Amino acid sequence: MYKRNVYFIYIILMSLVISSSISAQKFGKVDDSEWLITAPDDYPEAGAVVIFDKQSVKVALTNIKIERHVRIKVLRSAGIDEVGDQSISFYEKYEKLKHLQAHTITPDGKKHKVEKDAIFEKTHNNWTTTSFSFPNVSEGVILEYRYTINKKKWYFNIPTWYFQNKIYTLKSEITVSLSPGYAFDMLYRNVPGRYKNPKIESKPDPKSGGYRKLKNYIWTMENLPPVKDEPYMSAINDYRASLRFLLISYTYPSGDVYPIVSNWQDQADGLEVWFDSYCNKDKEIKKLAEEITAGLTTKEEKSKAIFEYIKTNYKSSDDYDTRYFKHNKISKLLTDKNGTPEGKNLLLVQMHKDLGIDCWPVLISTRENGRFEPSYPEDRQFNYLIAFVQIGDSWGFLDVADRNALYGILQPQCLTDGGFLIDGKNSQLVRMTIKPINSSRNDLTIMNIDTNGVAVCSTSSVMTGYYAAEMINKYDNTTPKKFIDKFIKKPIGKAITLGEYICTPDHASTFKVSGSFTTNELVRHLDENLVVKPVSFVFEKNPFKSKKRFFPIDFTYPFTYQNTVKINLDKTPKEIHLPKDIVNDIGKIRLSRTSTLDGSTIIITCTLEVIEPEFRPGQYNSVKNLFEQLALFDDEEVSFVYETTE
């Protein structure tokens, strides 16, 4: 049903080496050869490298024990910031972190321990993050840490192992040790087929009197390039070589089988019971829905009315008591008028149903969370809940997370491949067909320039479609002042005096920003010339910095950005030098610029059209060069000379 991501396979030029288990490297004992490690030939810019990253997973009848041991070498000063701070996350409800040890080893052999008062914990929504900083970090040192996590239940299964890190990894290894009786499966991502056969070690299980055997499954990879966050990429984990070891069932010595992983229908049944229990005030919900839609006749009108009501009257909270909800029951959401986005979306579903409008909850894995695996029936792959509504032949995905959310237009983070629609025995995995919507941003800035070099400017920006939804989300999650500072002041990068700015979310899928500012730093005198720097607010810097890229560029959705600057002069200049007209078309993306003089008005229009949102790694340099050209536009100036008066 879904295509697996195979972009990384071609760049994993390393051998799968069968090596000893995690116990081979003793904590704190550094081999002489490790001090001689330098930057890899295929990644000479490395600031630090992971010497080894090893994890042992021991699966017993009542718990899972995870032991991890990591050793890192700092090669250059640039690597200090990359590896000096580390963190470990675990679900405190079912997991416990133990035996954390960390130290810095300097070339003279001294060990500088991370003390307890340098270890910090932060818990939110049952997830605890333990963070620490290594002491005495400098070029040439070796950093090392190890820890144990005990999982109380099978509920979360075995966590996915990512062979690749954000820095170059010389060796990555995972060992899974199983007690007798377990049936399992394995899911690979970005791992070439010939590397999917682990080394298997077998030994008698003393608890069975030697009749059954314990088995160790060991996977080892070497010389792995880094996968780090870069602009315009989806979830980083979608591009890392990884292994997911799945426990399917356990067979007791008696022959009884206990299923650990069920099918998708079983998952849906459990979710529906939970959601029905959560919506415990159905009569109140129905009464409220009828009051909101009183006087409306069509289902479309009613759907839009309850959408507007919920997003306007219920605040969103990021405080979760359960996986999706702030409260155990929806009655508390109704009285507090405050709940998680998922809780508000389930209320939206229930109101539609109470009005006789077809609507269902859909679980998705957001782009930040990564693609879900359809062959693995586990609803915890998903991290968000939206609504799907169908009215006749029309349909749409809805999300009331933001107070200015747009009907039928999802946040870009929700534009994913597929989801899990919950509808009793008709529950199913669904493809997320995203409607093609015109997504654009059009900036118009009028710069009135006087002969003293002062620019009095007015700006109007109109955004549509997914571009508008993305900007509305940023607007809703900060203060108006901070938004305008980031929207106007930061891109210009000059001292400006802001006038009044107005931000107008339009429920018809647009977002408008308009206002004025004054500055004398965009105009300068150069001999007899007056030089003006046109204003731009987007892509004033090239977002693509890396020399090469091992995974696709993903703009999420097609869009058009147009920046028009009108420079009004006091009078018609005697002589003028305009930026050159340019067209750069590389197929799925096009950049153009035109410059004209109309009397005493200079008009410069720059247009970027992203026709298709995804680009292969092999196209990276072409895209990078185009955006470098776009960034250079921001540095180009207009110069002109006025007639001199005697």
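Before moving on, here are some points about what is shown:
- Considering segment 489-522, and only residues there that are at pLDDT below 85 and aliphatic (A, V, I, L, M), the residue that is farthest from residue 462 (Cα to Cα) turns out to be 495.
- The residues on offer are 289, 294, 268, and the sole one that is within 33 Å of the chain's Cα centre (by Cα) and either at pLDDT 95 or above or crowded, with 16+ Cβ neighbours inside 10 Å (or both) is 268.
- Subset of segment 587-611 (residues that are outside any strand (DSSP E or B) and either open to solvent by 60 Å² or more (accessible area, probe 1.4 Å) or touching a Lys or Arg at 6+ places or on another chain (Cβ under 9 Å) (or both)): 600, 611
- Within segment 369-398, restricting attention to residues that are in a loop (DSSP other than H, G, I, E, B) and in contact with a helix residue (DSSP H, G or I) (Cβ under 6 Å, 6 or more places away or on another chain), the residue that is least open to solvent (accessible area, probe 1.4 Å) is 370.
- Close pairs (6 angstrom Cβ cut-off, 6 or more residues apart or separate chains): within 18 Å of residue 579 (Cα to Cα) and touching a residue at least 60 places away in the same chain (Cβ under 8 Å) in segment 516-534, among the polar types (S, T, N, Q) and open to solvent by 20 Å² or more (accessible area, probe 1.4 Å) anywhere: 529/639; 531/639
- Residue match in segment 581-596 (condition: under 23 Å from residue 550 (Cα atoms) and under 24 Å from the mean Cα position of the chain (by Cα)): yes
- Within the set 495, 455, the sole residue that is open to solvent by less than 50 Å² (accessible area, probe 1.4 Å) and farther than 18 Å from residue 538 by Cβ turns out to be 455.
- Among residues of segment 308-324, those that are in contact with a strand residue (DSSP E or B) (Cβ under 7 Å, 6 or more places away or on another chain) and either assigned to a loop (DSSP other than H, G, I, E, B) or modelled with pLDDT of 95 or more (or both), counted: 3
- Qualifying positions in segment 321-340 - open to solvent by less than 50 Å² (accessible area, probe 1.4 Å) and either in contact with a helix residue (DSSP H, G or I) (Cβ under 6 Å, 6 or more places away or on another chain) or within 23 Å of residue 128 (Cβ to Cβ) (or both): 322, 324, 325, 327, 330, 333, 339, 340
- Selection status of residue 232, surrounded by 13 or more Cβ atoms within 10 Å (Cβ to Cβ), closer than 30 Å to residue 615 by Cβ, among the aromatic types (Phe, Trp, Tyr) and touching a strand residue (DSSP E or B) at 6+ places or on another chain (Cβ under 7 Å): yes
- With respect to the stated conditions, residue 572 is closer than 29 Å to residue 639 by Cβ, assigned to a loop (DSSP other than H, G, I, E, B), hydroxyl-bearing (Ser, Thr, Tyr) and open to solvent by 10 Å² or more (accessible area, probe 1.4 Å).
- From the list 405, 305, the one residue that fits, being outside any strand (DSSP E or B) and out of contact with any Leu (no Cβ under 7 Å at 6 or more places or on another chain), is 405.
- Candidates 102, 118, 78, filtered to the one that is touching a residue at least 40 places away in the same chain (Cβ under 8 Å) and among the hydrophobic types (A, V, I, L, M, F, W, C): 102
The values are calculated or read from the model by the stated rules, or taken from the named source; none is laboratory data. This structure is a prediction, so every number in the text was calculated from the model and none was measured. Every residue, glycine among them, receives a Cβ derived from its backbone with ideal geometry; neighbour counts consider all protein chains shown. Keep in mind that these areas ignore ligands, DNA and RNA; they rest on the heavy atoms of the full protein, side chains included. Shrake-Rupley method; radii C 1.70, N 1.55, O 1.52, S 1.80 Å.
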